[in-house]
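Reviewing the structure listed below.
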Ligand code: NAD
């Protein structure tokens, strides 16, 4: 079993208190590795290292070209190790290999995207009513804490580190305590590439042990958080002490709307993919399926036929389309929602159980589950379940579809299926969400901003918008009047 250490100030560290956590494969319970379990004291050491690296200028004062090249080298190293990284991701968080391979490739692309962007950060010159040269420069914010969840471990690390580093910040990344292994593999890559000490620090620990301190610590200038909405609220409160910058990527209960004029087969496939990719453990999952009444019954029937093709198993096994949930506790949470759905009177049309058989007995598997006849007021239609549970709601017309879609505290993503492009755009224009798709679901691009309206968070990751979250804005005024002001 591999004993990982944390990367702090360019050196490998154990937790000061010596605590470690065993990381297990959620598909079979086998121990994979042990990692340090950091506390507030460890956070303090990481902050000091990141602070020193920022203040010394060792990173922010390198040329943007050099920073960009470094990010390209990280991208290349991820690609070189992609086979092992994908397998490690599968074993640690349970997703099918094909999905992990996609994530790892996308993580490399993300470093490359921001490597290219590093040299395109520029200010502006303004005409002001004075004899002055007045311009604006963009500068890094400083020391950034970055706290990420367990569903896309390496990809979320890339989304956080790449723009922050391109902009010249120094970082302390904390992966989820459940899935730290690919982040620690990335730490090894960064160590071997000999980035200046303290520019990237990667520490492992729980939210209570290390996350809260990262959100609170006065030596940190910005906290970027991805996780649940309730945790995001705590992070924002903890950040008020020194009024650090905060960006939040939180949960969703996303509507996926199918109109009767949609390409039926494409929409059936899209509805299942929207709900069950990555075991449904996706912030942007299409977990509320809104179907027009006239096709509601045949649509559900067609999904029931196709859902048979979702093969459960260890993500490394051939043909597997759905792995285990990430932990026993998480499976229990999802199962509790299945009981809630039944008690609320929704119709369980498939799944709802743990799969039978020896292959599943040691892992946290759960069948893909569909509830039909869900009403918008039910808890399974309002609360983020974050697992393979789809709630189907029938609607009468376009106006009702939009009304139900927007009847949520969240505003992360939405999908619309229709062959009428006028209708598609009309609906998307009325949806209060940051990410929308027409006749597709889930494609995500490094070029486009990612983030939510309402309680799905604020700030955006990815694209040009993503780097804005890591930049300060400074005005510079150069007086060209040689005579003194003569005010006094
Ligand atoms: P979580 O909120 O439980 O944990 C996320 C991270 O925060 C972990 O690293 C955890 O250790 C840390 N943490 C926990 N308590 C903390 C605290 N009080 N202070 C600081 N840090 C703390 O979320 P999760 O269960 O790991 O992930 C699932 C959630 O993440 C879902 O709600 C999902 O929608 C959301 N998510 C959102 C996006 C997005 O882009 N909007 C992407 C992925 C996941």
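Values as computed for the structure displayed
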| item | result |
| --- | --- |
| Condition check for residue 86: touching a strand residue (DSSP E or B) at 6+ places or on another chain (Cβ under 6 Å), part of a helix (DSSP H, G or I), modelled with pLDDT of 95 or more and within 19 Å of residue 188 (Cβ to Cβ) | no |
| Residue 250 vs. criteria closer than 27 Å to residue 101 by Cα, modelled with pLDDT of 95 or more and either more than 16 Å from the ligand (Cβ to nearest atom) or touching a helix residue (DSSP H, G or I) at 6+ places or on another chain (Cβ under 7 Å) (or both) | yes |
| Pairs where the first residue, in the stretch 229-242, is over 14 Å from residue 208 (Cα atoms) and the second is assigned to a helix (DSSP H, G or I) and more than 7 Å from the ligand (Cβ to nearest atom), C-beta under 8 Å, 6+ apart | 229/455; 239/216; 241/216 |
| Residue 271 vs. criteria under 23 Å from residue 152 (Cα atoms), at pLDDT 95 or above and assigned to a helix (DSSP H, G or I) | yes |
| Long-range neighbours under 8 Å by Cβ, at least six apart or interchain, first residue under 10 Å from residue 416 (Cβ atoms) and free of Cβ contacts under 8 Å to residues at least 40 places away in the same chain within the stretch 427-452, second within 16 Å of the ligand (Cβ to nearest atom) and assigned to a loop (DSSP other than H, G, I, E, B) | 437/443 |
| Counted residues, the stretch 368-396 - those being in a strand (DSSP E or B) and over 10 Å from residue 288 (Cβ atoms) | 7 |
| Test result for residue 319, assigned to a loop (DSSP other than H, G, I, E, B), touching a residue at least 40 places away in the same chain (Cβ under 8 Å) and under 22 Å from residue 99 (Cβ atoms) | no |
| Which listed residue is away from the ligand (no atom under 14 Å from the Cβ), part of a helix (DSSP H, G or I) and modelled with pLDDT of 95 or more, from 257, 189 | 189 |
| Leading residue by the ranking (nearest to residue 149 (Cα to Cα)) among those in the stretch 337-363 that are assigned to a helix (DSSP H, G or I) and touching a residue at least 24 places away in the same chain (Cβ under 8 Å) | 337 |
| Filter result (within 9 Å of the ligand (Cβ to nearest atom), closer than 19 Å to residue 466 by Cβ and not in a loop (DSSP other than H, G, I, E, B)) within the stretch 222-247 | 223, 225, 226, 232, 235 |
| Helices (runs of 4 or more DSSP H) within the stretch 397-484 that include 2 or more residues crowded, with 17+ Cβ neighbours inside 10 Å and within 16 Å of the ligand (Cβ to nearest atom) | 463-468 |
| Every residue from the stretch 204-224 that is within 20 Å of residue 187 (Cβ to Cβ) and in contact with a strand residue (DSSP E or B) (Cβ under 7 Å, 6 or more places away or on another chain) | 204, 205, 210, 211, 214, 220, 223, 224 |
| Pick from the stretch 196-214, criterion buried (at least 22 other Cβ atoms within 10 Å of the Cβ) and within 19 Å of residue 52 (Cα to Cα), ranking: nearest to the ligand (Cβ to nearest atom) | 214 |
| Test result for residue 345, at pLDDT 95 or above, under 26 Å from the mean Cα position of the chain (by Cα) and away from the ligand (no atom under 16 Å from the Cβ) | no |
| Candidate set: the stretch 200-221, residues that are assigned to a helix (DSSP H, G or I) and out of contact with any helix residue (DSSP H, G or I) (no Cβ under 7 Å at 6 or more places or on another chain); chosen: the one nearest to residue 60 (Cα to Cα) | 211 |
| Strands (runs of 3 or more DSSP E) wholly inside the stretch 1-60 that include at least 3 residues being in contact with a strand residue (DSSP E or B) (Cβ under 6 Å, 6 or more places away or on another chain) | 6-8, 20-24, 31-36 |
| Among (1) touching a helix residue (DSSP H, G or I) at 6+ places or on another chain (Cβ under 6 Å); (2) assigned to a loop (DSSP other than H, G, I, E, B); (3) closer than 29 Å to residue 433 by Cβ, the one test that residue 290 misses | (2) |
| Exclusive hit being touching a residue at least 60 places away in the same chain (Cβ under 8 Å) and within 16 Å of the ligand (Cβ to nearest atom), set 326, 334 | 326 |
| Candidate set from the stretch 118-168 (those that are within 15 Å of the ligand (Cβ to nearest atom) and in a strand (DSSP E or B)); member that is nearest to residue 470 (Cα to Cα) | 144 |
| Flag if residue 238 is more than 20 Å from residue 406 (Cα to Cα), in contact with a helix residue (DSSP H, G or I) (Cβ under 9 Å, 6 or more places away or on another chain) and surrounded by fewer than 24 Cβ atoms within 10 Å (Cβ to Cβ) | yes |
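The values are calculated or read from the model by the stated rules, or taken from the named source; none is laboratory data. Owing to the predicted nature of the structure, the values given are computational and were not obtained by experimental measurement. Heads up, the Cβs are rebuilt from the backbone with ideal geometry, glycines too, and the neighbour counts pull from every protein chain shown.
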